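As structure tokens, the structure follows; a few thoughts come after it.
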């Protein structure tokens, strides 16, 4: 590697977001913990445990050489394929979908890692075959395996995760310099799959149509939280939506909670932190000479930023509720593991500059 130094600004920004996440997870969840007969620290302790597991994924991304990960792309596909199929057969039904495998009391949700694999796979493919991004055969070969995994996620059904993964696919095609005539058929295929999913799964259809007709209860309460925060917020711990008015506020709507308790100034700081991560990622991608590494950073960086935008879009009523957590801040889960692995890998590649 060209340098032993990782991007310290990126690392510090990430650490600040993780710290803020712990603060806001506690302030948004302590009342719910009390109502459930638990200690006020119940959800915070759970979050810290999950954060510890996610940190192991971060160090895996940071220290496992990316060239070694490159050799594991095909075996990883078969592993993901097997686990996704097994999830459909024997997965735990939750919120109308089979998204995780329950081992004892521990749920494994592998679909969150498909987007990471997709970025690695397409980065490897286009780095090895740079002239195929604008050929029909090249695009068919490049997109077949990713689309297969996306479809398996969609039929769980986990439409939000499948859409995020599909966005990762489109972004990788763009970064590989695919032209519009190639992108259009892939994009239209994605729309067709989404329409099929809407009519195939009643709860997906109900959620979409209710969003179109009028804001859902959750979105209404989220908007009340954001509006109630004003410029400076009610103060950390002083928000009212956490008193069971806004369900899953510590996860799916934590941005609304941040806006209520820290106001416009607090949300502006959050936006600036994510923007800094995005810009640092772009800087790293532009400064490395390895095409595979460049595409990996571009893909992972874009995906994390898109997830951030989707979460905010749901909170302010621009998008239907998706269950997408806010990266690095929401109550910990497999999404946090996938995102921290991605950040570890980006930081590893930052040493190449």
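Rule-based calculations on the coordinates, nothing more; no lab input. Bear in mind the structure is a predicted one, so any value in this text is a computation, not a measurement. Please note: Cβ atoms are built from the backbone with ideal geometry, for glycine as well, and neighbour counts cover all protein chains shown.
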The chain: angle of helix 217-229 to the longest principal axis, Cα-based, in degrees nearest 10
70 degrees
Over the range 149-269, what is the relative contact order in whole percent, taking alpha-carbon pairs under 8 Å and six or more residues apart?
19 percent
Measure out, as a whole number of angstrom, how far apart the alpha-carbon centroids of the range 211-256 and the range 6-20 sit.
26 Å
Roughly what angle does helix 334-350 make with the longest principal axis of the chain, taking Cα atoms, 0 to 90 degrees, to the nearest 10?
50 degrees
Neighbour-count ranking [beta-carbon atoms within 10 angstrom, fewest first] of 206, 343
206, 343
Given the DSSP H assignment, sum -39500 (n - 2.57) over each helix run of at least 4 residues in the chain and divide by its residue total; what's the result at 222 nm in deg cm²/dmol, nearest 500?
-24000 deg cm²/dmol
Sort 7, 131, 290, 252 by Cβ crowding within 10 Å, fewest neighbours at the top.
131, 290, 7, 252
Tilt, helix 136-154 to longest principal axis of the chain (alpha-carbon atoms), in degrees rounded to tens, equals 30 degrees
Subtract the Cα-Cα distance of residue 189 and residue 36 from 0.36 nm times their separation in residues, and report this length gain in nm to one decimal.
50.6 nm
If one computes the Cα centroid of the range 34-90 and of the range 276-353, what distance in Å separates the two points?
16 Å
